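Below is one structure, written out as structure tokens; the observations come after it.
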Amino acid sequence: MEFDIINLRDFTTDRHRTVDDYPYGGGCGMVMKPEPVKRALDFAADKSLSSGAAKPVSIYLTPQGRLLKQKSVEELSRKEHILLFCGHYEDIDHRARKLFDLEISVGDYVLSGGEPAAAVLADALVRKIPGSLGNPESSEEDSFSGGETLFDCPHYTRPPEWENKKVPEVLLNGDHKKITAYRRARAIINTMKVRPDLLKMEELSEDDFKILKQYFLNYHESEDQS
Ligand SMILES: C[S@@+](CC[C@H](N)C(=O)[O-])C[C@H]1O[C@@H](n2cnc3c(N)ncnc32)[C@H](O)[C@@H]1O
């Protein structure tokens, strides 16, 4: 992945390189002027096309955008070129927002500027690039991967007992079929406990229900505490 940083002030025309102005209608805070935004976007598109690359998918990072989900990360990771626009102050002029292909939010909270949001999205995209992770399979087993809205399963390492908490027996016995079933059951149960809004029961398969039934038949209180 290659990063290129564009400074909006390079697309201003006044001596002070001004990118913001007072809001029409009054109120506190400043608003980002539309002209430098448009010039910067045109510059990025021209630069890309003249180097033979695809026109960038332009994204305005804003708390008013569509909430970033792993599904969109996977779709965006297949794009050749992405432009992330970091806002500041109150917002960019509303008319300039229409210049972007997408508006994305990284969460229902407000940051001071778009840079941390751009870093979040860039990191999520980088780890989808083949070769970026030590083991490519690890990202396929992560929470929300493969189009599912499930958490990852819990993970354990040595020692097998720590502070009176034991690693679940099933993970120690080397029976891969049982381990896969156990992990699936825990992923479903953990999602159900913390984010019941994510879990779509109708998307669980018959095998999932069998696995869950088996899990509850073998359920030990001590396992849940670990
Ligand atoms: C102080 S915020 C502006 C918030 C705006 N007045 C509102 O209430 O929607 C300044 C900039 O930070 C970025 N930003 C803040 N929160 C964000 C979020 N949750 N996701 C993505 N970008 C965010 C945006 O680029 C935004 O233009």
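Readers should treat all values here as calculations from the given coordinates under stated rules, not as data from a laboratory. Since we're looking at a predicted model, the values are computed, not measured. A quick note on method: Cβ atoms are made from the backbone with ideal geometry, for glycine too, and the neighbour counts reach across all protein chains shown.
Things worth noting here:
- As a ratio to 2.2 N^0.38 Å, the alpha-carbon radius of gyration for the stretch 106-150 is 1.38.
- Histogrammed with a bin width of 10 Å, the alpha carbon distances of the stretch 148-225 distribute as 17, 51, 28, 5 percent, first bin at zero.
- With coordinates expressed along the principal axes, the C-alpha atoms belonging to the stretch 59-104 extend over 30, 19, 15 Å, beginning with the largest.
- Cα-based shape type of the stretch 29-78, given that a ≥ b ≥ c are square roots of the gyration tensor eigenvalues and the cut on a/c is 1.5: oblate
- Counting neighbouring beta carbons within 10 Å and listing from fewest to most, the residues 81, 16 come out as 16, 81.
- Pairs beyond 18 Å (Cα-Cα), from 71/193; 69/128; 128/200: 71/193; 128/200
- For the chain, calculated [θ]222 nm from helices alone, where every DSSP H run of n ≥ 4 adds -39500 (n - 2.57): -10500 deg cm²/dmol
- Between the listed residues 196, 212, 171, the Cα displaced farthest toward the positive end of the dipole of the stretch 148-225, a dipole computed from Cβ unit charges relative to the Cα centre, is found at 171.
- The 3J(HN,Hα) values that the Karplus relation (6.51, -1.76, 1.60; θ = phi - 60°) gives for the stretch 95-112 are, in residue order, 5, 6, 4, 5, 6, 8, 6, 9, 10, 10, 10, 9, x, 7, 7, 10, 9, 6 Hz. Gly and Pro appear as x.
- Between residue 57 and residue 164, full extension at 0.36 nm per residue minus the direct alpha carbon distance yields a gain of 33.3 nm.
- The residue 179 and residue 133 beta-carbon pair, evaluated with R₀ = 25 Å, returns a calculated FRET efficiency of approximately 0.70.
- Legend: ranking of residues 153, 86, 28 from fewest to most surrounding C-beta atoms inside 10 Å; resulting order 28, 86, 153.
- Between the stretch 116-185 and the stretch 17-64, the Cα center-to-center distance that results, in Å: 38
- Gain upon complete extension [residue 197, residue 172; 0.36 nm per residue less C-alpha separation]: 5.8 nm
- Square roots of 5 times each gyration tensor eigenvalue, C-alpha, the chain, largest first, Å: 46, 20, 16
- Size of electric dipole in the stretch 148-225: Cβ of Lys, Arg +1 and of Asp, Glu -1, about Cα centre, debye, nearest 20: 160
- Model label sites at residue 219 and residue 90, defined 7 Å from Cα along the beta-carbon direction, differ in position by 5.4 nm.
- Our coupling estimate for the stretch 171-176, obtained by passing each phi through the Karplus curve with A = 6.51, B = -1.76, C = 1.60 and θ = phi - 60°, is 7, 9, 8, x, 8, 5 Hz, Gly and Pro reported as x.
- Charged-residue dipole, Cβ positions (Lys, Arg, Asp, Glu), the chain about Cα centre, Debye nearest 20: 200
- Exposure proxy order (Cβ contacts within 10 Å, fewest to most) of 88, 155: 155, 88
- Lys/Arg +1, Asp/Glu -1 at C-beta; the chain dipole; positive extreme among 147, 160, 52: 52
- Taking θ as phi - 60° and the Karplus parameters 6.51, -1.76 and 1.60, the scalar couplings of the stretch 73-84 work out to 4, 5, 5, 5, 5, 8, 7, 6, 9, 10, 10, 10 Hz in sequence order, x denoting glycine and proline.
- Contact order, relative form, for the chain: 15 percent (alpha carbon pairs under 8 Å, 6 or more residues apart, mean separation divided by residue count).
- Over the stretch 8-126 - Rg/Rh using Cα atoms and the Kirkwood inverse-distance radius: 0.98
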